[in-house]
Amino acid sequence: MHQIKLYLFLFLGSLVSLQAQQPKKLNASEIYEAIQKLNVLGSVLYVAAHPDDENTRLISYMSNQVKARTAYLSLTRGDGGQNLIGPEIRELLGVIRTQELLAARRIDGGEQRFTRANDFGYSKHPDETLNIWNKDDVLADVVWAIRTFKPDVIINRFDHRTPGRTHGHHTSSAMLSMEAFDLANDSSKYASQLQYTDTWQPKRIFFNTSWWFYGSQENFENADKSNMLNFDIGVYYPSKGMSNNEVAALASSQHLCQGFGRLSQRGTEQEYIEFLKGEPLDESNSVFAGIDTSWNRIEGGAAIGKILNAVEQNFNFKNPTSHLPQLLEAYRLLQNIKDEHWKTIKIKELKTIIEACAGLYLEVSANTAQTAPNSTVSLNIEVLNRSSADIKLLSYKFSTIETDNSKQIQLLENQKFTFNEGITIPKNTHYTTPYWLNKKSTLGMYHVDNPAWIGKPETPRAVTVDFNLNIAGTPITITKPVVYRYSKPDKGELYRPFEIIPEVSASISDKVFIFDNDHQKDIEVTVKAGRDAVEGYVQLAYPNDWNVYPEKQKIEIVNKGDIQKVVFTVYPPKGQSEGFITPIININGEFYTDELIEIDYSHIPYQTVLMPSMSKIVRLDIEKRGNNIGYIEGAGDVVPESLRQIGYNVTLIKPEQISAENLMNFDAIVVGIRAYNVLDDLKFKQKFLLDYVKEGGNMIVQYNTSRGIKTDNIAPYDLRLSRDRVTDEAAEVTILQPNHPLLNFPNKITFQDFEGWVQERGLYFPDEWSGEFTPLLAMNDKGETSKEGSLLVAKYGEGNYIYTGLSFFREFPAGVSGAYRLFANLLSAGKEKNKTLKN
Ligand SMILES: [Zn+2]
């Protein structure tokens, strides 16, 4: 299973990896496309909730066919999803999915925006979503996106009128978009934003409907479409050699961590959008009906449009340089435009076109990928004019230094100039880490200190270089970020972002340490140097009732990038207790407490993330019976490692190893999450498993989904799986059978054991079962009926069969003590007899 996924990933990854890494260099067709786009002054904002919600067919159509400036506003960064390609979850998954969106936009030509909303996991209803998010803050961010992007039209992915029909985040995205449409032009609303931008009224708002929302293709065919526009999103682009739907498939295939790698499609295909509100449509089938999207839109634009439309009409694919005089004339006229919004956008676009037409190569490459503040880095600067144009390099200027570096060099055709500069990174330079993770987030919201950064896809680069040029008499400044360019014999030329990292960082070997008795444990801390010659010491911060030895350890690392491992012995208290340990490194009186996490996948640029380095320590008051656990792995979970942490001897069992003889060796058999969904062979082995129970064994089955289940006798008695779930991790739990052994032996389970759970209570609970089963717990989400299928136990022969949809697989890695205590009871089922006998 893992192998198949890996191959899929490598194959798709290699197709696009160059695009992910290299700075874009436009060829003649791309220059032409850029000029076409330069001549359109219209914009579309697409709104949904998660990375991968966006309809890339429509985004690509708006960007590449309509030539509109198109952006996708994803309210969240998708932290709550699963990860098919690696171990990253939560915030780190959000970092990957942010980059996958940017990779998708590099392909479909869109831009990317976000809000501060945190993807906290599945939500059934927008009421719940908007309660966990700070609704007013997310609404403010949608208003901010509208005021800064200034879309003419907004297209919602989801229907704001059908709460409860899809994920609560989805409906919320549409509801907030509808509300923001009415607020963005009201200067009394979110007035503090107006020191950075001004109000804006989009002309109309649509819903990107499809047959799915009508229940069937037939219903949709028969539906009244007088209020809809439709587009052939299968249109062919000769300049790309691709159809729009091919481009769209390539873009959505960037969502690899969500398993979105897919085949491309071609041929005519209709996409529909339903008009919701704003200025009525006309007969033109255009989202921009009644909006002038030519240069005439802005005061002084007509003269510019005349020049640039002529360039587009007569574009010289053999020699784009020949258009430089007109492009420079347009550039000069643009300087006098009063409309700051379009002026900024069009100057940026035009500079890119001028740079490409002049065949300019401007690059600043560092001799290392990572440097700490106060350290010096050597930069290689390459400047080259690959055209006949008259171009002078006047100077260049580093963003970290006040003064220009004067050059006054005539860049003769195809004569390369290289310069070497050593610069010291200033002490207060911000680290290269996702800005939304700088402060601790809440369940529903990220915290962002700098209001100007809200909504930005990533942290602006700290070190850039301005090249001050004179191109045929026109002064133009072109800005480039510093990059790290290198080669590998088996890969060729590679690029990485140049990153600013702390002088030193630390990580602890595990995120959770469970102490199931009062014995001490050795815990390893790895310290990594971000510069040469790091000297200092490291201590552990720990809760009051715990102890750590030694108090501090010396750190001495000679070379940047090297690590030193130190071991602390941690002593738990006698009774139940939990808290956190954090390494604190002291280098000459400066304290460092972050862990440096590096994320390396070929379809996205290299990412470094700084997160507070901390691990949870839990002293469990836990009793156990039985020791040998057989574990049948399903879709993958860390339950086996968690059980080992509390002292069980866990053996992984492959389906082919399941036999009557083998199973006899185990005190309990645990079936991993979705095992009956992913293991074809399990249906042939179910007989052995149930016989094992019959003869006195103890079998615990974790959740499976009813869709795609590969056996019809998952249990010895009738049991119907449903989609019932309890997503509120704090939902009240009622103990239905307070005297049942599973809730009393060997650990007495009380309401306290259901405190501190994370993400959810459980999922895919059975909703019907035969009389042999005893339901032990009841719980429900707000506004729903009580669900009693989360933990079911049945006697079968001499043994016990237990089915549970409780999310042990999520609670164990979070160190939730009650989950461990309850699971220890499930593993001890039937063992109380031995105890009685002995007594
Ligand atoms: Zn979604």
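The values are calculated or read from the model by the stated rules, or taken from the named source; none is laboratory data. Bear in mind that the values here come from a model prediction, so they are computed numbers and not experimental data. No Cβ is skipped: glycine too gets one built from the backbone with ideal geometry, and neighbour counts run over all protein chains shown.
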_Contact list please: Cβ distance under 6 Å, first residue in the range 51-78 and in contact (Cβ under 8 Å) with a residue 40 or more places away in the chain, second residue within 13 Å of the ligand (Cβ to nearest atom) and among the charged types (D, E, K, R), pairs at least six apart or on different chains._
P51/R97; D53/R157; Y72/E54; T76/D119; R77/R97; G78/R97; G78/D119
_Members of the range 86-102 found to be out of contact with any strand residue (DSSP E or B) (no Cβ under 7 Å at 6 or more places or on another chain) and surrounded by 22 or more Cβ atoms within 10 Å (Cβ to Cβ), listed by number_ = L93, G94, R97, T98, E100
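Residues checked against (1) touching a residue at least 60 places away in the same chain (Cβ under 8 Å); (2) farther than 19 Å from S43 by Cβ; (3) surrounded by fewer than 17 Cβ atoms within 10 Å (Cβ to Cβ):
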site: Y190; (1), (2), (3): no, yes, no
site: F207; (1), (2), (3): yes, no, no
site: S210; (1), (2), (3): yes, yes, yes
site: S216; (1), (2), (3): no, yes, yes
site: N219; (1), (2), (3): no, yes, yes
site: K225; (1), (2), (3): no, yes, yes
site: M242; (1), (2), (3): no, yes, no
*Could you please find all residues in the range 765-799 being modelled with pLDDT of 95 or more and within 31 Å of the chain's Cα centre (by Cα)?*
F765, M779, N780, S790
_Is it the case, given these coordinates, that N134 is touching a Gly at 6+ places or on another chain (Cβ under 8 Å) and surrounded by fewer than 18 Cβ atoms within 10 Å (Cβ to Cβ)?_
yes
_Just to be sure I understand the filter: pairs with C-beta atoms under 7 Å, separated by 6 or more residues or on different chains, first member in the range 379-404 and at pLDDT below 95, second member part of a loop (DSSP other than H, G, I, E, B) and hydroxyl-bearing (S, T, Y). Which pairs pass?_
T400/T429
_Going by what's in this entry, would V44 be described as under 11 Å from the mean Cα position of the chain (by Cα) and within 28 Å of G168 (Cα to Cα)?_
no
*asked:* I need every pair where a residue in the range 771-783 that is touching a residue at least 40 places away in the same chain (Cβ under 8 Å) has its Cβ under 6 Å from the Cβ of a residue that is assigned to a strand (DSSP E or B) and surrounded by fewer than 18 Cβ atoms within 10 Å (Cβ to Cβ), sequence separation at least 6 or different chains.
replied: A778/T734
*Exactly one of (1) under 19 Å from I802 (Cα atoms); (2) surrounded by fewer than 21 Cβ atoms within 10 Å (Cβ to Cβ); (3) among the hydrophobic types (A, V, I, L, M, F, W, C); (4) in contact with a helix residue (DSSP H, G or I) (Cβ under 9 Å, 6 or more places away or on another chain) is unmet by L776. Its number?*
(2)
*If you scan the range 192-205, which residues turn out to be in contact (Cβ under 8 Å) with a residue 24 or more places away in the chain and closer than 15 Å to L45 by Cβ?*
T197, W200, P202, K203, R204, I205
*asked:* On the basis of being away from the ligand (no atom under 13 Å from the Cβ) and either over 18 Å from K348 (Cα atoms) or in a strand (DSSP E or B) (or both), does L41 make the cut?
replied: no
*Please find, within the range 162-193, the residue that is farthest from the ligand (Cβ to nearest atom) out of those that are over 27 Å from the mean Cα position of the chain (by Cα), small (G, A, S) and in a helix (DSSP H, G or I).*
A191
*Does any residue in the range 163-185 that is free of Cβ contacts under 8 Å to residues at least 40 places away in the same chain come within less than 8 Å, Cβ to Cβ, of a residue that is more than 16 Å from the ligand (Cβ to nearest atom) six or more places away or on a different chain, and which pairs are these?*
P163/D127; N185/T199; N185/W200; N185/Q201
*I347, sole failed condition from (1) at pLDDT 95 or above; (2) in contact with a strand residue (DSSP E or B) (Cβ under 8 Å, 6 or more places away or on another chain)*: (2)
_For the range 266-277, check the following and say yes or no: at least one residue is surrounded by fewer than 15 Cβ atoms within 10 Å (Cβ to Cβ) and among the small types (G, A, S)._
yes
*Output for the range 784-805, where each listed residue is in contact (Cβ under 8 Å) with a residue 60 or more places away in the chain, closer than 16 Å to R761 by Cβ and among the aliphatic types (A, V, I, L, M)*: L792
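Within the range 148-161, how many residues turn out to be of a type in the set (D, E, K, R) and away from the ligand (no atom under 15 Å from the Cβ)?
Of the residues in the range 148-161, 3 are of a type in the set (D, E, K, R) and away from the ligand (no atom under 15 Å from the Cβ).
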*asked:* Filter the range 509-533 down to the residues that are buried (at least 19 other Cβ atoms within 10 Å of the Cβ) and touching a Leu at 6+ places or on another chain (Cβ under 9 Å) and list them by number.
replied: I514, F515, D516, I523, V525, K528, G530
*Consider R113 against the criteria (1) assigned to a helix (DSSP H, G or I); (2) crowded, with 24+ Cβ neighbours inside 10 Å; (3) not hydrophobic (A, V, I, L, M, F, W, C): it satisfies all of them except one. Which criterion is unmet?*
(1)
*With (1) out of contact with any Asp or Glu (no Cβ under 7 Å at 6 or more places or on another chain); (2) modelled with pLDDT of 90 or more as the list, and R720 as the residue in question, which single condition is left unmet?*
(1)
*Restricting attention to the range 656-703, which residues are of a type in the set (S, T, N, Q) and under 25 Å from P741 (Cβ atoms)?*
N665, N698, Q702
*Members of the range 330-347 found to be surrounded by fewer than 19 Cβ atoms within 10 Å (Cβ to Cβ) and under 31 Å from the mean Cα position of the chain (by Cα), listed by number*: H341, T344, I345
*asked:* Pull out all pairs, ordered by first then second residue, where Cβ-Cβ is under 6 Å, the residues are six or more apart or on different chains, the first lies in the range 652-671 and is aromatic (F, W, Y), and the second is part of a strand (DSSP E or B).
replied: F666/N628; F666/G630
*Subset tally (residues that are farther than 22 Å from M178 by Cβ, away from the ligand (no atom under 16 Å from the Cβ) and in a loop (DSSP other than H, G, I, E, B)) for the range 49-99*: 7
*Out of (1) more than 16 Å from the ligand (Cβ to nearest atom); (2) surrounded by fewer than 23 Cβ atoms within 10 Å (Cβ to Cβ); (3) of a type in the set (S, T, N, Q); (4) at pLDDT 95 or above, what's the single condition that is false for S17?*
(4)
*Can W200 be described as modelled with pLDDT of 95 or more and more than 16 Å from the ligand (Cβ to nearest atom)?*
yes
*Boolean, I35 is away from the ligand (no atom under 16 Å from the Cβ), assigned to a helix (DSSP H, G or I), in contact with a Phe, Trp or Tyr (Cβ under 9 Å, 6 or more places away or on another chain) and not polar (S, T, N, Q)*: yes
*asked:* For the range 609-650, which positions are within 15 Å of A824 (Cα to Cα), outside any strand (DSSP E or B) and free of Cβ contacts under 8 Å to residues at least 60 places away in the same chain?
replied: N627, P640, E641, R644
*What are the pairs, 6+ residues apart or on separate chains, where a residue within the range 739-754 that is free of Cβ contacts under 8 Å to residues at least 60 places away in the same chain has its Cβ under 7 Å from a residue that is among the polar types (S, T, N, Q)?*
H740/T774
